[in-house]
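The values are calculated or read from the model by the stated rules, or taken from the named source; none is laboratory data. Note that the structure is a prediction, hence the values are computed from the model and not measured. When we count neighbours, we look across all protein chains shown, and the Cβ atoms used for this are built from the backbone with ideal geometry, even at glycine.
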C-alpha cells in the first residue's frame, strides 16, 4: 500500500509539467456535460485552479532549488529533434506561477457572479470551458519548447479569447469579437509565415536545435532571417496590442464580461509577449537581435506605446475602456524591457509582466464589481461608491497605487529595475519616458479614486438608474436581476467569494511589492539565461 | 539578371503564395462586408499553406507512403503536410466561429456590413447622449419585433 | 530549369487560384462569391495532389466542402448582396 | 413531392458516406486521410441528412445531449489513451516506451495507441461539426 502511494506520487511528480497543461484542457472539454449542474462545474473550475496553483508553486520550488539547468520533459518519450519538448526553466516557472496565481482568483470571482452578464446555465458552462482552455493554452505557452506547438497553443488561446469576448449577450461584444478575430488571425498567419521561414532554412522545429542551426547559417541567409524575424515580431505585436496595432483591444477588453476582461488584459496578451520573448531570445538569440537592430525597435515601440496608450486613456469616460487603454500603455513597459538587452532590464520586464498581470486583473475585477452593483459604467457617475463598497474600492485603490509605481506596491519594483536597466543600457530617454508614464498613469487613475471616495453620492431621479447600462437588455432576458432602479441601500460589496478574490489579489500586490524575493530571483535567473550569447 | 529570373521561375510556388497572401490581406482590410473579410482570411491562410508545402516538396519526389516495391524512390518531407493539417483545422474552426458571429450580428443590426454597423452604433450612441441621462428610456426589446435596428445598439 | 509536367499543371492551377481570389474580391453577389470559394478549394485539392501530399488533399476536400456548406447556410439566412 | 428523387438517392448514398468516413478514420495511420478528415465526412453525412430531410428529423436522430456527450468524451478518450503511458511509468502519450507493440507497417491494427486515439478525435470532430451546423441553422439560441 505504502509502496503504491509512493509510486503514484513519483509518477505525478515526474509528469507534473504535462499535468499542469492538460488538466485545464481536459476538464474544460468535459464541462459542457455538467451544464445543468452548474455548481458542480464551478466547483471543478476552482478545483482545477487550486491544483494548477499548487503544481506551479511546486515547479517553481523545484526550479529555485535546482539552481541551474532546465528540466526537460519529452512528450511520448521521443527525444528532441523529433518529439515535442516541455522545458521547465526559470522563465517557464515564473510565467506559470503568474498564470495560475491570477487565474484562480479570477475564477473565484466569476463563480456565481456570471449569470447576469453571460445569461443562462448553458452559456455559463461554455464560458468556463473557454476560460479553462485559455488557462491551459497559456500554461502550455510557458512550458513548450517547440515552435509549431507554440503556434497551435497561440491559436487555441486566440479562439478562446474571442469566445470569451463574445460571451456577453450584447451586440457590441459580438462586433468587438469579430474585429478581434480578424486581426488576431491576421497576426497568427504572419507568425505562421515566420515559422515557415525558420523551418525552411533550419529544418528544425525544436527551439534549441533551430537556434543552433540559425547561428551557423544566418550570414548566408540574411534576408530570410530578417524576414522571419519581422514577421514574428509584427504577428505577435498585433496579438499583444503594441501601440499602432492595438485597435482591437479597447473594444474587445471593455465589452467582455468582467472576469473575462480581467484574464484577457491580465494574462492573454502576456502569453503572446512570452511567446515573442521565446522566439526572439531562444530561437534567434541576442546576437541576431542586436545584428538586426530589433532591440532598438522594441525600445522605441515600447516608449511610443507608453506615452500614446496613457494619453489615450485620459479622455475616456467609460471605466472599463479607460482601463483597456491603460493596458495598451502598460504593455509598452514590457516591450521596452524586452529591448533593453541587459540583465536588469529583462528581469524588470519579467517582474513588471507579473505585477501588471495581478494589478490589471484586480482593477478589472473591482471595476466589474462596481459596475454590476451600480449598473453604471461612466466614471463621473461613480460618486460615493467608495463608502458603500469599501473592500472593492480599497482593492481598486491599492491596484492603482501599484500601477502608478508607489513604493511598497508591486509596480514599483518592476519600474525600478526597468529604470536601472535603461540607465545601464546608456540611454537616458527610456528613463524619462518611464517616469512620465507613471505621471500619466496617476492622471488617469486618481480621478476615479477621488470621485469614488471623496465625492458624495448625488440625489438622483429614480427612473434614470437602470436604463443606461449595457445590462438592461440582459436583465430583461434573464429575469434574474429585478427590474427597476437600483436602490442606494442595495449598493454594497459583492459576495464573499468575490471579496475573497479581491483580497487575495490585493495581498498579492502588496506581497510582491514588499517581499519580491522568489519571483524576482526567478526573473533575474531567467534574464541571465536568456541573455547568454550562443 | 538571367540567373535571378531563373531562380524566380523555379521557385514559383512562393511567388504565388505571396500574391495570394497579399490579395487575402487586401480583402480583409478593404472590403467592409463581413463575409468578404472571412473569405479573405481563408485565402490568406491557404497562401501560407502553399508556402509551407512548397518548402517540403521535392520536384519529382513521391508521396510519403512506404512502398516496398520502389526501393529507390525519393520521398518528400512529410512534416510540413502534417503541420498544415493542423493549420486547416484552425482555419475551419476560425471560419465556423466567425460565421456564428456574423449570424449574431445580423440578428442584432440587420446587416452584415462592418461600416453600416459602425454607423448605426455611433448614431445610436449620439442619440442616447442627446436624449440626456435622465429621461432616456431603453426601447423595449420584448415586443418581439426586429423592426428598429438602430435602437437596439445604443448601449455600450 | 528542370521542369516536369506537374510544374506546368501547378502553374496553371495557381493562376486559377489567383483569378479566383480576385473574383472573390470583386464579385458583389455573395452567393456567387461563395461558389467561387468552393471552386477555389477544389483547385486547392488538385494542387495538394500534385505536390505529393494526398493526406492534405483529402482533408482539404472535406474541410472545403464543410466550410462552403456552412457559408451557404449563413448566407441564405442573411443578406445575399454586398452593398 | 418535389424532392422525391433527392430523398431516395440520399437514402441510398448517405449510409455509405458515413461508413466511408469511419473507414478514413480507422485507416488514418496507414493511408492518406485521418481522423479530422474522416470526422468531417461522418459529420457531413449527417449534415446532408438534415438539409435534405429537414432539420427536425436531423435533430431527432442526434439530440443535443448526445452531441454534447460525444463531443466531451471523444476528447476525454484521447486523454485516457494518453494516460496509458503515465500508468506505465513513462511520459504522457508514450507508445513504444510503454511496451505496446507497434506492429507491422501497412497493417490496420498495428501502430499501438494511434488508431484508438484517432477514433476519439474523429468522433469529436464529427459531433462538433454537426453542433456548429445546427447552431447556424436554428433561429434563437
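Scanning segment A:23-75 for residues that are part of a loop (DSSP other than H, G, I, E, B) and within 14 Å of another protein chain (Cβ to nearest Cβ), which turns out surrounded by the most Cβ atoms within 10 Å (Cβ to Cβ)?
A:35
Filter segment B:48-63 for residues that are surrounded by 15 or more Cβ atoms within 10 Å (Cβ to Cβ) and touching a helix residue (DSSP H, G or I) at 6+ places or on another chain (Cβ under 9 Å) and give the result. Break it down into steps so the answer makes sense when it comes.
Filtering segment B:48-63 for residues surrounded by 15 or more Cβ atoms within 10 Å (Cβ to Cβ) gives B:48-57, B:61, B:63.
Passing the criteria: B:48, B:49, B:50, B:51, B:52, B:53, B:54, B:55, B:56, B:57, B:63.
Only one of these is modelled with pLDDT under 90 and under 22 Å from the mean Cα position of the chain (by Cα): B:52, B:97. Name it.
Being modelled with pLDDT under 90 and under 22 Å from the mean Cα position of the chain (by Cα) holds for just one of B:52, B:97, which is B:52.
Results for (1) away from every other protein chain (no Cβ under 14 Å); (2) surrounded by 24 or more Cβ atoms within 10 Å (Cβ to Cβ); (3) over 29 Å from residue A:96 (Cβ atoms), shown as yes or no for each residue.
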residue: A:280; (1), (2), (3): yes, no, no
residue: A:287; (1), (2), (3): yes, no, no
residue: A:296; (1), (2), (3): yes, no, yes
residue: A:301; (1), (2), (3): yes, no, no
residue: A:317; (1), (2), (3): no, no, yes
residue: A:361; (1), (2), (3): yes, yes, no
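Determine if segment B:131-146 includes at least one residue that is surrounded by fewer than 22 Cβ atoms within 10 Å (Cβ to Cβ), at pLDDT below 80, within 12 Å of chain A (Cβ to nearest Cβ) and not in a loop (DSSP other than H, G, I, E, B).
Yes, some residue in segment B:131-146 is surrounded by fewer than 22 Cβ atoms within 10 Å (Cβ to Cβ), at pLDDT below 80, within 12 Å of chain A (Cβ to nearest Cβ) and not in a loop (DSSP other than H, G, I, E, B).
Quick one: which of B:39, B:66 is more than 11 Å from chain A (Cβ to nearest Cβ), crowded, with 23+ Cβ neighbours inside 10 Å and without any contact (Cβ under 8 Å) to a residue 60 or more places away in the chain?
Values: B:66 fails: crowded, with 23+ Cβ neighbours inside 10 Å.
Answer to the selection: B:39.
Name the single residue, out of those in segment A:194-207 being touching a residue at least 40 places away in the same chain (Cβ under 8 Å) and facing another protein chain (nearest Cβ under 9 Å), that is nearest to residue B:115 (Cα to Cα).
Only one residue tops the list, namely A:195.
Conditions first: (1) within 14 Å of chain D (Cβ to nearest Cβ); (2) over 17 Å from residue B:27 (Cβ atoms); (3) at pLDDT 90 or above. Residue C:54 passes all but one, so which condition is the exception?
Checking residue C:54 against (1) within 14 Å of chain D (Cβ to nearest Cβ); (2) over 17 Å from residue B:27 (Cβ atoms); (3) at pLDDT 90 or above, the one that fails is (3).
Yes or no: residue B:45 facing another protein chain (nearest Cβ under 7 Å), loosely packed, with under 15 Cβ neighbours inside 10 Å and assigned to a helix (DSSP H, G or I)?
No.
Which fully enclosed helices (runs of 4 or more DSSP H) of segment A:90-175 have 3 or more residues being out of contact with any helix residue (DSSP H, G or I) (no Cβ under 7 Å at 6 or more places or on another chain), modelled with pLDDT under 90 and crowded, with 23+ Cβ neighbours inside 10 Å?
Filter on segment A:90-175 gives an empty set.
On the given criteria, is residue B:97 under 21 Å from residue A:161 (Cβ atoms) and at the interface with chain A (Cβ under 7 Å from one of its Cβ atoms)?
Against the criterion (under 21 Å from residue A:161 (Cβ atoms) and at the interface with chain A (Cβ under 7 Å from one of its Cβ atoms)), residue B:97 qualifies.
Does residue D:74 meet the test of being over 22 Å from the mean Cα position of the chain (by Cα) and assigned to a helix (DSSP H, G or I)? Before you say what the answer is, go through the steps one by one.
Numbers: over 22 Å from the mean Cα position of the chain (by Cα): no; assigned to a helix (DSSP H, G or I): yes.
No, not satisfied.
Could you check segment B:73-123 and list, in sequence order, the residues that are farther than 26 Å from residue D:29 by Cα, touching a strand residue (DSSP E or B) at 6+ places or on another chain (Cβ under 9 Å) and not in a helix (DSSP H, G or I)?
B:112, B:113
Please indicate, with yes or no, whether at least one residue in segment A:325-346 is surrounded by fewer than 22 Cβ atoms within 10 Å (Cβ to Cβ) and touching a strand residue (DSSP E or B) at 6+ places or on another chain (Cβ under 6 Å).
No, every residue in segment A:325-346 fails to be surrounded by fewer than 22 Cβ atoms within 10 Å (Cβ to Cβ) and touching a strand residue (DSSP E or B) at 6+ places or on another chain (Cβ under 6 Å).
Which of the residues spanning segment B:1-36 are at the interface with chain C (Cβ under 8 Å from one of its Cβ atoms), within 14 Å of the chain's Cα centre (by Cα) and either free of Cβ contacts under 8 Å to residues at least 60 places away in the same chain or not in a helix (DSSP H, G or I) (or both)?
Of everything in segment B:1-36, those that are at the interface with chain C (Cβ under 8 Å from one of its Cβ atoms), within 14 Å of the chain's Cα centre (by Cα) and either free of Cβ contacts under 8 Å to residues at least 60 places away in the same chain or not in a helix (DSSP H, G or I) (or both) turn out to be B:20, B:23, B:24, B:26, B:27, B:31, B:33, B:36.
When only residues in segment D:18-64 that are on the phi > 0 side of the Ramachandran plot and surrounded by 17 or more Cβ atoms within 10 Å (Cβ to Cβ) count, which is nearest to the other protein chains (Cβ to nearest Cβ)?
D:33
Go through the residues of segment A:427-442 one by one and say whether even a single one is more than 30 Å from residue A:298 (Cβ to Cβ) and in a helix (DSSP H, G or I).
No - not one qualifying residue is present in segment A:427-442.
Going residue by residue through segment A:321-341, is there one that turns out to be outside any helix (DSSP H, G or I) and either within 14 Å of residue A:442 (Cα to Cα) or at pLDDT 90 or above (or both)?
The answer is no, given that none of the residues of segment A:321-341 is outside any helix (DSSP H, G or I) and either within 14 Å of residue A:442 (Cα to Cα) or at pLDDT 90 or above (or both).
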